[in-house]
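Shown next, in structure tokens, is the structure this report addresses.
The values are calculated or read from the model by the stated rules, or taken from the named source; none is laboratory data. All figures in this text were calculated on a predicted structure; none of them were measured in a lab. Cβ atoms come from the backbone with ideal geometry, glycine included; neighbour counts cover every protein chain shown. Side chains are part of the model used for accessible areas, which takes the heavy atoms of the whole protein and leaves out ligands, DNA and RNA. Shrake-Rupley method; radii C 1.70, N 1.55, O 1.52, S 1.80 Å.
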Amino acid sequence: MAKRLIPAFNRVLVEKIVPSSKTNTGILLPEKSSKLNSGKVVAIGPGIRDKDGKHIPISLKEGDVVFLPDYGGTEVKLEGKEFHLYREDDILGTLHD
């Protein structure tokens with residue numbers, strides 16, 4: 001049975017993108033050069049409400065590639081995979097090709 005986690009409020013579930021440890025020409029890269037500071041949005045919460053009760057939706061959508069802070073987030077393991085939960089405010093930006 002597959003589990004699906006729906007984040008609460010303005011939380012975003014992100015699967016970090018593991019960078020390649022080898023270049024196209026076969027050169028091995030040191031571990032320090034392969035930071036995990038980007039990820040793919042897997043699920044988003046419904047958003048939050050402001051002081052007046054108006055709904056504020058999340059500006060991200062599933063499938064977006066986002067730039068993440070070096071620290072923060074809550075680690076979550078589902079079905080052997082590692083995910084991280086971030087508040088929308090903690091996401092630094094989206095990455096586009």
* To do: Taking only segment 82-94 into account, find how many residues are over 24 Å from Arg4 (Cβ atoms) and open to solvent by less than 80 Å² (accessible area, probe 1.4 Å).
  => 1
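Could you tell me whether any residue of segment 19-41 is among the small types (Gly, Ala, Ser), farther than 21 Å from Leu5 by Cβ and modelled with pLDDT of 90 or more? Spell out how you get there, then give the answer.
Within segment 19-41, the subset among the small types (Gly, Ala, Ser) is 20-21, 26, 33-34, 38-39.
Keeping just the survivors that are farther than 21 Å from Leu5 by Cβ gives 20-21, 26, 33-34.
After this cut, where a residue has to be modelled with pLDDT of 90 or more as well, the list is none.
No, because not a single residue in segment 19-41 is among the small types (Gly, Ala, Ser), farther than 21 Å from Leu5 by Cβ and modelled with pLDDT of 90 or more.
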* Which residues, taken from segment 36-61, are among the basic types (Lys, Arg) and more than 20 Å from the chain's Cα centre (by Cα)? -> Arg49, Lys51, Lys54
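Here is a check on your reading of the model: is Leu68 open to solvent by less than 90 Å² (accessible area, probe 1.4 Å) and at pLDDT 90 or above?
Values: open to solvent by less than 90 Å² (accessible area, probe 1.4 Å): yes; at pLDDT 90 or above: yes.
Yes; evaluated as a whole, the condition is true for this residue.
Consider Glu79 carefully, then state whether it is loosely packed, with under 10 Cβ neighbours inside 10 Å and in contact (Cβ under 8 Å) with a residue 60 or more places away in the chain. Steps first, please.
On the way: loosely packed, with under 10 Cβ neighbours inside 10 Å: yes; in contact (Cβ under 8 Å) with a residue 60 or more places away in the chain: yes.
Spelling it out, Glu79 is indeed loosely packed, with under 10 Cβ neighbours inside 10 Å and in contact (Cβ under 8 Å) with a residue 60 or more places away in the chain.
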